[in-house]
1. Report, to the nearest whole %, how much of the accessible area of segment 1-45 belongs to carbon and sulfur atoms, 1.4 Å probe, protein only.
2. Taking every eigenvalue of the Cα gyration tensor of segment 77-149, multiplying by 5 and rooting it, what semi-axes result, largest first, whole Å?
3. Given springs between every Cα pair under 10 Å in a Gaussian network model of the chain, which of 154, 132, 118 has the largest fluctuation?
4. If you project the alpha carbons of segment 28-154 onto their three principal axes, what span does each projection cover, largest first, in Å?
5. Give me the compactness ratio for segment 1-88, meaning the Cα radius of gyration over 2.2 N^0.38 Å.
6. Ranked from highest to lowest mean number of other Cβ atoms within 10 Å per residue, what is the order of the peptides 60-71, 41-52?
7. For the chain, list log₁₀ I(q)/I(0) at each q in 0.11, 0.13 Å⁻¹, using the Debye formula over Cα point scatterers of equal strength and ignoring solvent, two decimals each.
8. Solvent-accessible area per residue for the chain at a 1.4 Å probe radius, Å²?
Amino acid sequence: MTVVAPDREQSGVGTAITLSQPLRVREIPPHVEGVPTYAVEGTPSDSAIVALQTLIEEPVDLVVSGINMGANMGNDVFISGTMGAALQAHFRGIPAIAISVAALHDVHFDAAARVVRLLAQNVAEGRLIAPLLLNVNLPNVPAERIRGVSLTRLGRRTYMDVVNEGDDGRRKYYWIARDRPGWVLERGLDVWAVRRRRISITPMDTDLTADSPTRAVRDATRQVRASFRR
């Protein structure tokens, strides 16, 4: 086991990677004795790339991104640094799990650790194999208060980010902030499960292609095709 993680808070950076400057990496004292631990001056995706390409020489069986403080559900997976790191493993054909607890303070990590251990055992025993990308979210309650486990789909939020305006005396600025969350609470969605104190396990796929293009898209495609005919 090896731990490689950003050296600071990186919430909301999504899949960003650092291309405009070098990355500094420091080996730091581990929280678990005997586990090599590195801090990267970069994003979660940077950390995964450096770990998989350079720091870890032996084959990697599983990448776990997290346990993250704060939920990563629904549309928010597209800006999630936790998911960004897991994606770098998935792109390389390595099983990957992004796991989060839906709280920022007084976080209960015990149940999430148990979930990771059980899923890792399934990978080690060959029951879960690549391509594997799971997004796991837990309610912030002690393990004994969890009501079950649900295999879920990504939820949908009903709010957008807000922009607050200000002036520092020299020029105007804008500050993007998260609005109070609102979610579609349909049965089977990740948010629905976590709100009911259930563990949400969402199988993910990187193919974002729509299965059935609308008639309007088909018509527009025909118009574009016609304009390129010779």
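1. The C+S portion of the solvent-accessible surface of segment 1-45 is 51 percent.
2. Ellipsoid semi-axes (Å, largest first): 23, 17, 8.
3. Ranking 154, 132, 118 by mean-square fluctuation puts 118 first.
4. Result, largest extent first: 41, 32, 31 Å.
5. 1.05
6. The packing order, highest mean first, is 41-52, 60-71.
7. After summing over all Cα pairs, the log10 values are -0.66, -0.88.
8. I get 64 Å² per residue for the chain.
The values are calculated or read from the model by the stated rules, or taken from the named source; none is laboratory data. Being a predicted model, the structure only gives us computed values, none of them experimental. Methodologically, a virtual Cβ is constructed for each residue, glycine included, from the backbone with ideal geometry; neighbour enumeration extends over all protein chains shown. Areas reflect the complete protein model, heavy atoms only, side chains present, ligands, DNA and RNA absent. Shrake-Rupley method; radii C 1.70, N 1.55, O 1.52, S 1.80 Å.
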